[in-house]
Amino acid sequence: MKLASLNYGRDGRLVVVSRDLSRAANANTVAPTLQAALDDWAVAEPRLLEISNALESGHIVHTPFDQAKCASPLPRSFGWADGSAYVNHVALVRRARGAELPASFWTDPLMYRGGSDGFFGPRDPILAGDVAWGIDLEAEVAVIVGDVPQGASPQQTAPLIRLLMLVNDVSLRNLIAPELGKGFGFLQSKGQTAFSPVAVTPDELGAAFDGGKVTLPLVSHVNGAPFGRPNAGVDMTFDFPTLISHAVKTRPLAAGCIIGSGTVSNRDADGGPGKPVSEGGVGYSCIAELRSVETIRQGAPKTPFLKFGDRVRVEMFDAQSRSIFGAIDQEVVKFN
């Protein structure tokens, strides 16, 4: 089942979307918003599935589905926490600046809690005040959970994954070091986060989702050129149940909270730091990682961060090359 929120008020209007992303059916007989459905998922899920089945068979009133009219599946959420599940990404960034990777990074996930009071929709611009901030994309996968009790184990959190979606967790790289240097952060160094047009139930991914990882390439383009296609199921040190369990060590999560994977990152087959797509590699999910690899290989970064007018696209395709979540497609625009 695929769900989306059309632009409407603060929390959108819930629709059920066909598997091929061409049609949508109104879900207001079940719940006006996705958050309302998540609040009573045991009741809402089977009724939404009935709409989905009717939509697939053509036995329900529907309209064309327009990704450009979508808000984030959850335009705002009770919580958004982003992990750093791909330790290869962290290792490369630290190696480029001559910092060692603490051994604990391989056993204890990194995670930050971000702003969740308002997310960008998949076609909303990336707003920034100055290119000197170091504007960067971060292509990721995320899950939306049901109510998760404090102290839940990974085995207990796995069945509580309700939906999956894609993320562009914009980072302002040149603001990060000064902010973290104060001993707090992130705040100013993280822009508003954007999510894919559609969120999907785990069964929609079939064998590509094993309950913990999505084993499909995450495809990114910058200004129409291939930028990255790392496989989200490869080199994921901490799977989603582990990330969720980490997040509830000291407090519960409410239905509708979102947990992100962090920047998807793959090593080379030989264990090297990774190559750009143009050199036959799988590329990257953020510019910071490419710049780190350039520093490691060539002594200095050469690729600039994003500038005003640049466009970023993030998407994931199934084995038949069909878009699963729709596309995040954003232009970088100066905030006035």
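The values are calculated or read from the model by the stated rules, or taken from the named source; none is laboratory data. Source: prediction; values computed, not measured. Using ideal geometry, Cβ is built from the backbone for each residue, glycine included, and neighbour counts are taken over all protein chains shown. Please note that ligands, DNA and RNA were not included when accessible areas were found on the heavy atoms of the full protein model with its side chains. Shrake-Rupley method; radii C 1.70, N 1.55, O 1.52, S 1.80 Å.
Between ARG23 and residues 5 or more places away or on another chain, which pairs have amide H atoms under 5 Å apart, with H built 1.01 Å from N, and which residues are they?
SER18, PHE65
Count the DSSP beta bridges whose two residues both fall in region 221-335, then state the antiparallel fraction as a percent rounded to the nearest 5. Before the final figure, lay out the partial values.
Working: 10 of 10 bridges.
Counting DSSP beta bridges with both partners in region 221-335, the antiparallel share is about 100 percent.
Give the cross-link partners of LYS275 among the aspartates and glutamates, using a straight C-alpha distance below 13 Å as the criterion and excluding same-chain residues fewer than 8 apart.
Answer for LYS275, where 13 Å is the Cα cut-off: GLU289, GLU294, listed by chain and number.
Just how many % of Cα pairs in region 32-176 lie over 22 Å apart, if you round to the nearest whole percent?
On the way: 5854 of 10440 pairs.
Percentage above 22 Å: 56.
Between THR29 and VAL131, what length comes free when the chain is fully extended (0.36 nm per residue of separation minus the Cα-Cα distance, one decimal in nm)?
Details: separation 102, 0.36 × 102 = 36.72 nm, distance 4.55 nm.
Taking 0.36 nm per residue and subtracting the Cα distance, the gain is 32.2 nm.
What's the longest uninterrupted piece of the chain once you rule out the trypsin sites (Lys or Arg not before Pro) that are loop residues per DSSP with at most 14 other Cβ within 10 Å?
Details: sites that count: ARG10, ARG97, LYS182, LYS249, LYS302, LYS307, ARG322.
By the stated rule (loop sites, at most 14 other Cβ atoms within 10 Å), 11-96.
Could you put GLU179, GLU331 in order of accessible surface area, largest first, with the 1.4 Å probe and the full protein assembly present? Can you show the working numbers first?
Details: GLU179 25, GLU331 70 Å².
Per-residue accessible area, sorted high to low, gives GLU331, GLU179.
Quick one: among THR215, THR201, THR107, which has the greatest mean-square fluctuation in a GNM of the chain with alpha-carbon springs under 10 angstrom?
Comparing THR215, THR201, THR107 in a Gaussian network model of the chain, the most mobile one is THR107.
Could you calculate, for region 206-265, the ratio of the Cα radius of gyration to the Kirkwood radius, expressed as Rg to Rh? Don't jump to the answer; show the numbers that get you there.
Numbers: Rg = 14.0 Å, Rh = 13.2 Å.
Expressed as Rg/Rh, it is 1.06.
Can you work out the accessible area per residue across region 115-240, with the rest of the protein chains kept in place, probe 1.4 Å, in square angstrom?
On the way: 4810 Å² over 126 residues.
Roughly 38 Å² per residue, with all protein chains present.
Quick one: work out the % antiparallel among DSSP beta bridges in the chain, nearest 5.
Values: 50 of 57 bridges.
Looking only at bridges with both residues in the chain, the antiparallel portion is about 90 percent.
Using helices alone, I'd like the mean residue ellipticity at 222 nm for the chain: each DSSP H run of four-plus residues gives -39500 (n - 2.57), total over residue count, nearest 500.
Mean residue ellipticity at 222 nm (helix-derived): -5500 deg cm²/dmol.
Tell me, in nm to one decimal, what length is gained between PHE105 and GLU179 on full extension, where the rule is 0.36 nm per residue of separation less the Cα-Cα distance? Could you put the intermediate results ahead of the total?
Working: separation 74, 0.36 × 74 = 26.64 nm, distance 2.09 nm.
Here the segment from PHE105 to GLU179 would lengthen by 24.6 nm.
Leaving out same-chain residues fewer than 8 places away, which lysines sit with a Cα under 18 Å from that of LYS334?
Result set, ordered by chain and number: LYS190, LYS307.
Would you work out if region 125-256 is rounded, prolate or oblate? Take a ≥ b ≥ c from the square roots of the eigenvalues of the alpha-carbon gyration tensor; rounded if a/c is under 1.5, else prolate when a/b is larger than b/c, oblate otherwise. Walk me through the intermediate numbers first.
On the way: a/c = 2.16, a/b = 1.31, b/c = 1.65.
Note, shape of region 125-256 comes out oblate.
Gaussian network model of the chain, Cα springs within a sub-10 Å range: biggest mean-square fluctuation belongs to which of ALA194, ALA269, ALA71?
ALA269
Which value results when the Cα radius of gyration for the chain is divided by 2.2 N^0.38 Å?
Details: Rg = 19.2 Å, N = 336, 2.2 N^0.38 = 20.1 Å.
Relative to the rule-of-thumb radius for its length, the chain sits at 0.96.
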